[in-house]
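What follows is a single structure, written as structure tokens, with notes after it.
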Amino acid sequence: SQTIHQWPATLVQPVGSPLSLECTVEGTSNPNLYWYRQAAGRGLQLLFYSVGIGQISSEVPQNLSASRPQDRQFILSSKKLLLSDSGFYLCAWTQPGQGPYNEQFFGPGTRLTVL
Amino acid sequence: AQSVSQHNHHVILSEAASLELGCNYSYGGTVNLFWYVQYPGQHLQLLLKYFSGDPLVKGIKGFEAEFIKSKFSFNLRKPSVQWSDTAEYFCAVNGWGSQGNLIFGKGTKLSVKP
């Protein structure tokens, strides 16, 4: 069966510090991968998605970047965090070969607080 | 551009009450529709989905939703809620011909009083 992992689970970082959040998927190959941010009262905002290694699409201009160095690994990064980067970050995946028109499976999330 | 509106930010019900959470979307073409639920401390998980066919879809835990194309709606219903239904509920849509990525509503928090 497929599983999705995210770490760390919680993170408190000062403004201006770098960020690296990691997401890995097990039990499938060539999944589509997604990064979302969930802010209170604002739902889930899609940040990045990837349909393959090295292929990243950005949905919203921001202070963050994403990379996919391996087939089942998706990394969310920032060089300098802003207060507005605080939130709950979710990684998700969908079955390969079916495009994004399918159910997404979500990871446990990372709670980021920028002070 | 696609968008999803969930009408209620927070709904408070007593056990055994009936539930209906509103969801409206904007997209002119064919859509896939989803309801996701996030129980306290748990992963976001799929409650039900509509791709095609019967517009009344049934999901887990007694939930159902009806797709009304003319109203661009996909409301979630449950005849009798339980305390364990306390959670946040998200409606989502992706449209064929668009990028296909899920667009989520802002969510509705449901609190069920025992």
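The values are calculated or read from the model by the stated rules, or taken from the named source; none is laboratory data. For clarity, every value in this text was computed on a predicted model and none was experimentally measured. Cβ: placed from backbone, ideal geometry, glycine included. Neighbour counts: every protein chain shown. For the accessible areas, the whole protein counts, side chains as well, though only heavy atoms, and no ligand, DNA or RNA atoms are used. Shrake-Rupley method; radii C 1.70, N 1.55, O 1.52, S 1.80 Å.
Rounded to the nearest Hz, the phi-derived 3J(HN,Hα) couplings of the stretch B:5-16 under the Karplus curve 6.51 cos²θ - 1.76 cosθ + 1.60 (θ = phi - 60°) are 10, 10, 6, 10, 7, 9, 10, 10, 10, 8, 3, 6, where x marks glycine and proline. If the segment from A:Asn30 to A:Glu59 were pulled out straight at 0.36 nm per residue, it would be longer than the present Cα-Cα gap by 8.4 nm.
Loop-located trypsin sites (Lys or Arg not before Pro) in the stretch A:1-104 (DSSP state not H, G, I, E or B) with no more than 16 neighbouring Cβ atoms inside 10 Å: A:Arg42, A:Lys79, A:Lys80.
Protein heavy-atom accessible surface, 1.4 Å probe, per residue over the stretch B:24-76: 48 Å². Within the straight-line cut-off of under 13 Å between alpha carbons, the aspartates and glutamates reachable from B:Lys78 are B:Glu15, B:Glu20, B:Glu64, B:Glu66, sequence neighbours fewer than 8 places apart in one chain being disregarded. For A:Leu11, put the label point 7 Å out on the Cα→Cβ axis and report which residues of the stretch B:37-65 keep their amide N under 17 Å from it. No residues fall inside that zone. Taking a point 7 Å from the Cα of B:Trp83 along the Cα-to-Cβ direction, the residues of the stretch B:1-34 with backbone N closer than 19 Å to it are B:11-19.
What the phi angles of the stretch A:41-47 give under the Karplus curve with 6.51, -1.76 and 1.60, with θ = phi - 60°, is a coupling list of x, 10, x, 9, 10, 6, 9 Hz, glycine and proline written as x. 3J(HN,Hα) along the stretch B:66-76, derived from phi through the Karplus expression 6.51 cos²θ - 1.76 cosθ + 1.60 where θ = phi - 60°, amounts to 10, 8, 10, 4, 5, 9, 6, 10, 8, 7, 9 Hz, with x in place of Gly and Pro.
Across the cross-link table entries B:Lys49/B:Lys69; B:Lys58/B:Lys109; A:Lys79/B:Lys49; B:Lys69/B:Lys106, which are compared at the Cα atoms, the separations over 26 Å belong to A:Lys79/B:Lys49.
Can you give the accessible area per residue of the stretch A:3-114, in Å², using a 1.4 Å probe?
Using a 1.4 Å probe on heavy atoms only, each residue of the stretch A:3-114 averages 43 Å².
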